[in-house]
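Read the structure below first, then the notes.
The values are calculated or read from the model by the stated rules, or taken from the named source; none is laboratory data. Bear in mind that the values here come from a model prediction, so they are computed numbers and not experimental data. Here Cβ is always computed from backbone atoms with ideal geometry, including for glycine, and neighbour counts include all displayed protein chains. Just the protein is used for accessible areas: all its heavy atoms, side chains included, with ligands, DNA and RNA removed. Shrake-Rupley method; radii C 1.70, N 1.55, O 1.52, S 1.80 Å.
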Amino acid sequence: MTMSDDARANMEWAEWFQGNYRLMTDEEKALARARLERRYSREYGKAVSVDGTPAQEGVLMGYALNIKKCIGCRRCAKACVEENNQSRGKDQEIEWIRVLKMEKGEFSQEKMNQGYPEGLGIQVGGNAYSPAGVVLEGEHYYQPEAVPEKDSAYMPIACMQCEKPPCVKVCPVRTTYREADGPVVIDYNWCIGCRMCMSACPYWARRFNWSDPKLPKEAMNPVTHYLGNRPRMKGVVEKCTFCIQRTRKGRYPACVEVCPTGARKFGNLLDPNSEVSRIIARKNVFRLKAELNTFPKFFYFMD
Amino acid sequence: MDKLKRFAIDYVTYVVKGSPAFYAWVAFLGLLILGLLYGTYLHTADGLRYTGLTDQVHDGLYLANFVFLVGIAAGAVTIVFPAYVYHHKGLHAVAVLGEMLAISAVLMCILFIVSHMGRPDRLWHMLPVIGIYNLPNSMLAWDTLVLIGYLFLNLIGGFYFLYKKYTGQPLNNKFYMPLIYVSIVWALSIHTVTAFLLNTMPSRPMWHHSMMPIRFILTAFAAGPSLIVLIFLIVRARTRLWIDNSAINQLATIITYCLGLSLFLSLSEVVTELYANTEHALGLQYLMFGMHGFNDLVPWFWGSLAASLGAFVILLTPGLRRDYRWLPIACSLAFAGIWVEKGMGLLVPGFIPTPIGEFSQYFPTTLEIVVTLGNWALGFLILTILLKGAIGILLGDIAYATSMQDRVTASDTGVSPTPELT
Ligand code: SF4
Ligand code: SF4
């Protein structure tokens with residue numbers, strides 16, 4: 001065994017023994033991050049930084065998406081994978097953003113009499129069996145030649161950063177929690193992989209690392225945050241964090257930057273002049289599955 | 001202290017001695033446990049990638065067995081309750097066997113949870129005292145606590161009883177009876193909390209109804225005693241411990257009622273869901289008839305229903321229920337029916353379709369099956385050890401008095417007085 005192997009083993013032991021990130025003192029947090037920086041830098045062969053910038057005062061991050069403008073190109077999903085160091089490849093592909101393609105259904109003349117009671121039959125409805133723009137029942141594996149496809153509408157979804165997040169409520173060990181500036185984050189080092197949060201999330205926004213993530217060295221994004229895009233390990237859950245490694249430094253999330261149609265907007269909900277606040281004030285906005293009282297901070301709108 | 005030491009030594013010596021059939025049984029279980037060790041090694045080294053689980057259906061065979069076994073643990077109360085509350089003589093004599101079953105069932109639950117966890121090396125995060133609990137919010141945190149509590153209640157109650165029996169001292173009822181009453185209520189709580197684990201999530205419409213806790217209790221009180229009846233019949237046939245017919249008949253009655261009621265609740269659920277036929281019914285519809293060409297679970301549903309109905313019909317016929325050739329058939333059917341119902345009939349379809357409407361199938365891989373069998377084998381090994389020792393004490397084969405004599409006579413003759421037991 002070489003010295004460096006020893007050091008690495010020691011580092012991982014220390015990682016294993018460390019407590020819940022939120023309950024650590026500032027020094028402990030700094031130590032934990034430094035430990036990770038050393039390990040990641042060695043593993044990926046480049047200088048990796050693990051940031052710990054805490055929530056900013058007076059900020060509540062919010063997101064708005066113009067579903068009229070989304071063309072289903074899925075560049076956001078790709079940019080997200082690259083920015084946030086998700087696992088790629090056939091074996092273990094993890095995407096936080098899913099773009100649902102929904103076919104526009106129609107009512108047709110032929111079906112007018114379908115389900116009409118004949119004799120003493122039961123009336124079950126004429127056209128009711130074909131979709132007519134069904135919410136949240138879309139295809140997200142579509143492979144078109146060109147986008148947007150005719151007769152299709154697109155609805156991208158990811159973690160809604162619920163204000164009342166069911167995923168946080170069910171976590172037995174307080175590994176996932178809502179940060180003061182809004183995003184719901186996960187301490188990957190404390191997650192036991194019970195997947196309760198995945199069952200509880202009504203938006204299918206969480207992903208599980210079934211094996212060690214496949215993250216190519218050269219493609220690894222070395223600018224990371226402890227609670228955001230740092231490389232994950234096997235057996236833990238991960239999800240969108242509104243790119244806290246960027247947004248806490250005043251930048252836009254990667255998906256906002258990359259969207260070719262400008263469908264995605266991001267900003268501070270507490271600031272009435274921010275783009276999202278203005279959208280909420282002026283446009284018709286809606287949230288998904290509002291009946292579940294999760295109060296998403298992800299708003300859909302159209303103009 | 002010396003008595004306690006002798007108790008432990010006598011218990012162990014008694015348990016390890018047995019007939020060839022006993023050793024064959026243990027060896028068979030050992031073989032299955034090897035599979036478990038191999039699977040656990042793979043899970044730890046490589047994660048859960050060898051399972052059939054996906055981000056869509058992310059809980060499967062392991063969690064299903066966990067849910068089922070909590071029921072078996074709770075079901076042990078069907079002996080303890082009539083024994084101590086209704087002073088049922090036949091059951092009173094063997095009540096401690098119920099506690100032994102509860103102990104092994106809880107241990108099996110823990111085994112399955114460990115297999116289910118993505119990071120079992122972080123188990124300590126959810127242990128009392130050293131871990132952190134998300135109380136009062138998280139049902140899984142509650143579940144962990146009540147299960148550990150139930151384990152200790154039964155360990156203390158069961159072994160206190162056995163120890164007193166061993167030393168020939170009377171029970172201290174001021175200590176023992178409260179323990180029994182608490183454990184009866186506690187048994188209900190463990191399966192109720194398991195039901196809450198699933199049914200408190202509106203994200204999974206199929207689970208989200210208040211009928212689940214009561215149905216869980218009923219199926220537990222059908223599956224648990226079914227297993228106990230089977231065990232009792234084996235014990236009667238293979239050991240000198242006679243378990244009274246009245247005890248077995250009492251359990252059969254309990255199974256009949258609970259199975260019947262649980263079938264009725266299933267029917268209510270099916271009618272409620274399918275009549276209105278909203279999107280919330282998709283999971284159930286998928287389970288019963290298949291959808292969009294996916295129908296893997298359909299045979300499981302109908303098979304489970306057929307098994308439960310078959311068991312119910314046999315049990316409802318007095319002549320068959322009291323016939324000890326038919327009774328084990330009914331019990332096996334009920335046990336199997338409920339096992340399938342908890343796994344393929346409840347847990348898996350809860351994930352299909354996903355919250356965004358995706359249909360995907362799940363089927364356990366060979367490795368999952370090997371690990372599951374291994375977990376069951378380890379559980380049965382624990383059960384065998386616990387039951388054998390308990391029976392030895394009930395029979396008076398392990399006793400402090402004889403143990404003291406033996407220490408003299410055994411050195412004279414070199415013959416062990418232990419009878420052969422399986
Ligand atoms: S969308 Fe899902 S993962 Fe995100 S905060 Fe809400 S419940 Fe949690
Ligand atoms: S999988 Fe991790 S984050 Fe999710 S509930 Fe379990 S411990 Fe919490």
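Normalised by the number of residues in the stretch B:263-383, what is the relative contact order in percent for Cα pairs under 8 Å and 6+ residues apart? With pairs under 8 Å counted, the relative contact order is 23 percent.
Relative contact order, whole percent, for chain A stands at 27, derived from Cα pairs under 8 Å and 6 or more residues apart.
In the protein assembly as shown, what % of DSSP beta bridges are antiparallel (nearest 5)? Here the share of antiparallel DSSP bridges comes out near 75 percent. The listed residues A:Lys90, A:Lys68, A:Lys101 rank as A:Lys90, A:Lys68, A:Lys101 when sorted by accessible area, largest first, using a 1.4 Å probe.
Put a plus charge on the Cβ of each Lys and Arg, a minus charge on the Cβ of each Asp and Glu, and nothing anywhere else: the dipole of the stretch A:1-113 about its Cα centre is then about 620 debye.
Working note: Cα gyration tensor of the protein assembly as shown, eigenvalues times five, square-rooted, sorted largest first, giving semi-axes of 52, 34, 21 Å. Could you tell me which of B:Ala330, B:Phe196, B:Gly52 has its Cα farthest along the dipole of chain B towards the positive end, charges placed at Cβ (Lys, Arg +1; Asp, Glu -1), taken about the Cα centre? So the residue we want is B:Ala330. Of the residues making up the stretch B:355-384, those losing 40 Å² or more of accessible area when the isolated chain is joined by the remaining protein chains, with a 1.4 Å probe, are B:Pro355, B:Ile356, B:Glu358. The DSSP beta bridges internal to chain A are antiparallel in roughly 75% of cases. Of all aspartates and glutamates in the structure, those lying under 14 Å Cα to Cα from B:Lys89, and not within fewer than 8 positions of it along the same chain, are B:Asp244. The stretch between B:Leu123 and B:Tyr257 holds 44.4 nm of extra length on full extension. This uses 0.36 nm per residue minus the Cα-Cα distance.
Helix B:327-342 and the longest principal axis of the C-alpha atoms of chain B enclose an angle of approximately 50°.
Hey, with R₀ at 30 Å, roughly what FRET efficiency would B:Val114 and B:Ser332 work out to, going by the Cβ-Cβ distance, to 0.05? After rounding, the FRET efficiency stands at 0.60.
Comparing B:Met288, B:Ile248, B:Leu227 along the charge dipole axis of the stretch B:173-313, the residue lying farthest to the positive side is B:Ile248, per the Cβ-charge model. Cross-link reach is defined here as a Cα-Cα straight distance under 21 Å, omitting same-chain residues fewer than 8 places apart; for A:Lys214 the lysines meeting it are A:Lys46, A:Lys78, A:Lys90, A:Lys234, A:Lys239. The phi torsions of the stretch A:108-118, fed into the Karplus equation with coefficients 6.51, -1.76 and 1.60 and a -60° offset, translate into couplings of 10, 4, 4, 8, 4, 9, 5, x, 7, x, 9 Hz, rounded to whole numbers, with Gly and Pro shown as x. Using a 1.4 Å probe on the protein heavy atoms, what percent of the accessible area of chain A belongs to carbon and sulfur? After summing per-atom areas, the C and S share lands at 53 percent. Would you jot down the residues in the stretch A:233-255 that end up with at least 10 Å² less accessible area in the complete protein assembly than in the chain alone, with a 1.4 Å probe? Hits at the 10 Å² cut-off: A:Met233, A:Lys234, A:Gly235. Charge dipole (Cα centre; +1 on Lys/Arg Cβ, -1 on Asp/Glu Cβ; no other charges) of chain B amounts to roughly 1220 debye. A loss of 20 Å² or more of accessible area (1.4 Å probe, protein heavy atoms, ligands and nucleic acids excluded) relative to the isolated chain is seen in these residues of the stretch B:200-220: B:Met201, B:Pro202, B:Ser203, B:Arg204. Distance between the 7 Å Cα→Cβ label points at A:Asp151 and B:Asp323: 6.2 nm.
Here is the interface size for A with B: some 3900 Å² of accessible area buried, both sides summed, with a 1.4 Å probe. Working note: Cα atoms of the stretch A:247-303, range along each principal axis, descending, whole Å: 33, 25, 21. Relative to the dominant Cα principal axis of chain B, helix B:173-199 is inclined by about 20°. Estimated purely from DSSP H runs of n ≥ 4, each contributing -39500 (n - 2.57), the mean residue ellipticity at 222 nm for chain A is -6500 deg cm²/dmol once divided by its residues. Helix A:3-17 and the longest principal axis of the C-alpha atoms of chain A enclose an angle of approximately 60°. Rounded, prolate or oblate: which one fits chain A, using the alpha carbon gyration tensor with axes a ≥ b ≥ c (rounded when a/c is under 1.5, else prolate when a/b beats b/c, else oblate)? Because a/c hits 1.5 or more and a/b exceeds b/c, chain A counts as prolate. Evaluating 6.51 cos²θ - 1.76 cosθ + 1.60 at θ = phi - 60° for every residue in the stretch B:139-149, the Karplus couplings come out as 5, 5, 5, 4, 4, 4, 5, 5, 5, 5, x Hz, glycine and proline recorded as x.
Charged side chains reduced to their Cβ positions (Lys and Arg at +1, Asp and Glu at -1) give the stretch A:92-160 a dipole of some 180 debye around its Cα centre.
With the other protein chains left in place, how much accessible area per residue, in square angstrom, belongs to the stretch A:193-303 at a 1.4 angstrom probe? Ligands and nucleic acids excluded, the figure is 36 Å² per residue. Averaged per residue, the stretch B:158-313 has 44 square angstrom of accessible surface, using a 1.4 angstrom probe with ligands and nucleic acids left out.
Label-to-label distance, A:Glu163 versus B:Leu34, with points set 7 angstrom from Cα along the beta-carbon direction: 6.0 nm.
When Rg and Dmax are taken over the Cα atoms of chain B, they come to 22.4, 80 Å.
Over the stretch A:104-179, the ratio between the Cα radius of gyration and 2.2 N^0.38 Å evaluates to 1.83.
Between the listed residues A:His225, A:Ile244, A:Phe295, the Cα displaced farthest toward the positive end of the dipole of the stretch A:164-303, a dipole computed from Cβ unit charges relative to the Cα centre, is found at A:Phe295.
What's the long-distance tail for the stretch A:137-287, i.e. % of Cα pairs beyond 29 Å? Summing the P(r) of the stretch A:137-287 above 29 Å gives 25 percent of all pairs.
I want to verify the translational diffusion coefficient of the stretch B:47-188 in µm²/s; compute it with Stokes-Einstein, Rh as the Kirkwood radius over Cα pairs, at 37 °C and 0.692 mPa s. Rounded to a whole number, D works out at 196 µm²/s. Here the simple spin-label model places points 7 Å from the Cα toward Cβ, and for B:Leu4 and B:Asn249 these points are separated by 4.3 nm. Computed in the context of the full set of protein chains, the accessible area of chain B at 1.4 Å probe radius has 71% of its extent on carbon or sulfur.
Compute the Cα gyration tensor for the stretch B:1-123, then decide on rounded, prolate or oblate, letting a ≥ b ≥ c be the square roots of its eigenvalues: rounded whenever a/c is under 1.5, prolate when a/b is larger than b/c in the other cases, and oblate in all that remain. Taking the square roots of the gyration eigenvalues as a ≥ b ≥ c, the stretch B:1-123 is oblate.
For chain A, a Gaussian network of Cα nodes joined below 10 Å ranks A:Ser130, A:Ser152, A:Ser211 by mean-square fluctuation, and the top entry is A:Ser130.
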